[in-house]
Amino acid sequence: MKRFILNIIAIAALSTLQACKKDLNALPENSRVAEVAIVDAKTAEIALNGAYANFANVASSLSSTSSGGIPRTNWTSHERYPAMFAGYLGYGYGQLPEEENQTSGDGSVYWEEEYRLLNAVNGALKGVSSLPGEAFTGSRRAEIVAELHFLRAYAHFKLLSFYGQWFDVNSAYGVLLRDAPSTKSNIFKARSTVKESYDFIVTDLEDAIANAPAARPNYYATKWAAMLLKMRVLISRGAAADYTEVINLADKIIQNGTYTLEADVKDIFHTKGLASKEVILGLKSQPNQEKDYYSRSAQFWPGASAIFVAKGTLKNLLANDPRQAWMIGSANPYSSYSPNTFYFTKYMIQGGTPTTVSETFYAMRLSEVYLLKAEAIVRSGGNLGDAKTILKTVMGHAGVTDFTAVDNANTPADLLLQIYYENSKNLVAEDGQEWLSLLRLGLNTVKQLRPTIITQAQYILPIPHSEFIYNPTIGAQNPGYSK
């Protein structure tokens with residue numbers, strides 16, 4: 001069988017930070033020190049912030065300074081790769097294998113990042129659990145644990161979504177669960193089943209929903225963020241009861257949360273950033289990150305070490321949609337290398353200057369809550385009219401006034417397709433929801449929309465080769481790939 005594996009050269013070109021292969025599951029030094037140094041509530045908060053830094057993948061850039069580089073939030077893999085897999089973004093100086101869903105090489109892009117996060121989280125959890133309850137004020141200890149459980153659930157679900165057969169709850173190909181700091185004594189571990197993976201993730205999220213703060217700055221996890229993450233998990237698992245709970249969770253966020261849909265969704269990305277009341281969880285840029293030559297903004301315009309562009313597929317999807325005017329720029333000047341591509345201006349205005357807003361990343365927004373609720377209504381056999389109303393509400397906040405396609409979608413399959421289209425228009429290049437919503441349509445529909453996908457083996461990535469060397473007990477490679 002032809003192997004569908006990411007090209008390691010392409011990944012190196014796209015990522016400014018790759019961990020050494022021998023350290024795939026090794027606890028980072030700073031997290032190991034933090035575990036030992038957690039002696040009171042203050043140091044527990046420091047350890048929690050360290051976990052958030054791993055969540056944001058904060059790293060030094062390529063820029064040369066006296067301090068060794070400008071630290072920056074480097075969450076680009078979350079926005080670019082899924083959009084490439086779905087066919088909406090591309091590499092402006094040529095074409096990468098990811099854009100055709102048929103590649104050969106290595107699949108470590110999320111593996112390394114999420115296991116670093118898991119090690120930091122588990123180290124902090126171990127340290128916090130060693131402290132007496134009276135070391136904290138009020139409910140803060142339970143809140144810290146809940147925030148850490150949110151981050152652990154996020155990491156495990158990201159891994160399940162890209163390395164496990166999340167679409168088959170009876171599959172043996174789940175995720176390699178890590179619930180303790182990795183050491184030489186526990187590095188050898190087998191992957192869990194898909195059901196076990198879902199169960200573990202949901203358990204963490206239930207604690208996060210019960211005990212995480214209701215009010216925190218939106219670059220920290222709250223009970224509302226945990227509810228939305230649980231919605232993502234349940235819509236993927238796809239049991240009948242899951243759809244009912246997705247709807248219930250959506251209602252709790254919409255009715256009881258402090259979030260509101262932005263009047264014009266463009267304002268989130270071009271002017272407001274994390275000040276928007278629609279953002280449930282975002283990632284702040286680091287100080288002076290916008291001044292870095294290799295900033296995230298510069299990779300969209302004018303192009304620094306790389307340039308990432310909108311493909312004609314996205315421009316066509318946005319035809320007759322007001323979002324095309326501010327999300328799609330002029331033709332890519334390097335179109336001879338990457339035909340039918342255009343500047344992607346969702347974050348960086350063409351001809352503009354990088355700012356803290358253009359360097360802001362978005363993990364979760366209220367629009368996604370509405371869209372997941374609409375999808376769950378349809379999948380549960382609910383009233384299509386109710387789902388259409390929700391869908392048109394989201395579209396209206398993007399300036400859409402022509403709802404003909406939605407009104408004419410009179411079967412569940414047709415309406416699910418319209419919801420997918422809005423997922424792609426609204427959430428493209430944020431945190432992978434355009435990709436997962438495509439795959440949830442089923443292989444036959446996926447083949448029609450994305451002809452480069454011919455098998456479900458292409459839904460997920462291969463476990464990196466080095467994992468089998470340093471953890472030979474992990475089990476079998478994902479179907480369709482070789483070790």
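Charge dipole of region 180-271 (Cα centre as origin; +1 on each Lys and Arg Cβ, -1 on each Asp and Glu Cβ, all else neutral): 420 debye, rounded to the nearest 20.
Taken over region 105-243, the ratio of Cα radius of gyration to 2.2 N^0.38 Å equals 1.07. Expressed as a whole percentage, what fraction of the accessible surface of the chain belongs to carbon and sulfur atoms when a 1.4 Å probe is rolled over the protein heavy atoms? After summing per-atom areas, the C and S share lands at 53 percent. Over the alpha-carbon set of region 439-478, divide Rg by the Kirkwood Rh and report the Rg/Rh ratio to two decimals. On the Cα set of region 439-478, Rg over Rh gives 1.18. Residue 460 sits among other residues whose Cβ lies under 12 Å from its own Cβ, and their net charge, with Lys and Arg +1 and Asp and Glu -1, is 0.
Along the charge dipole of the chain, which of 412, 226, 478 sits closest to the positive end, that is, farthest toward it, with unit charges on the beta carbon of Lys, Arg, Asp and Glu (+1, +1, -1, -1)? With unit charges placed on the Cβ atoms, the residue in question is 478. For region 193-333, the Cα gyration tensor yields ellipsoid semi-axes of 33, 20, 17 Å (square root of five times each eigenvalue, largest first, whole Å). Checked against a 25 Å cut-off, the cross-linked pairs 184/230; 126/158; 42/126; 252/388 give Cα-Cα distances beyond that limit for 184/230. All other residues whose Cβ lies under 11 angstrom from that of residue 177 are scored, Lys and Arg at +1 and Asp and Glu at -1, for a net of 0. For the chain, the solvent-accessible area with a 1.4 angstrom probe is 37 square angstrom per residue. Measuring between their Cα centroids, region 368-404 and region 210-241 lie 20 Å from each other.
Measuring how big the chain is from its alpha-carbon positions, Rg and Dmax come out at 21.4, 65 Å.
Think of each Lys and Arg Cβ as +1 and each Asp and Glu Cβ as -1; about the Cα centre, that makes the dipole of the chain roughly 540 debye. The value for region 348-483 of Rg(Cα) / (2.2 N^0.38 Å) is 1.33. Calculated [222 nm] ellipticity per residue, helices only, for the chain: -13500 deg cm²/dmol; basis is -39500 (n - 2.57) per DSSP H run with n ≥ 4, divided by all residues, nearest 500. Would you please classify the overall shape of region 41-190 from the alpha carbon gyration tensor, given that a ≥ b ≥ c denote the square roots of the eigenvalues, rounded means a/c under 1.5, and beyond that prolate means a/b larger than b/c while oblate covers the rest? It is oblate, given that a/c is not under 1.5 and a/b is not larger than b/c.
The values are calculated or read from the model by the stated rules, or taken from the named source; none is laboratory data. Values in this document were obtained by computation on a predicted structure and should not be read as measured data. Cβ sites come from the backbone with ideal geometry, for glycine too, and all protein chains shown count toward neighbours. We work out accessible area using only protein heavy atoms, side chains counted, and drop any ligands, DNA or RNA first. Shrake-Rupley method; radii C 1.70, N 1.55, O 1.52, S 1.80 Å.
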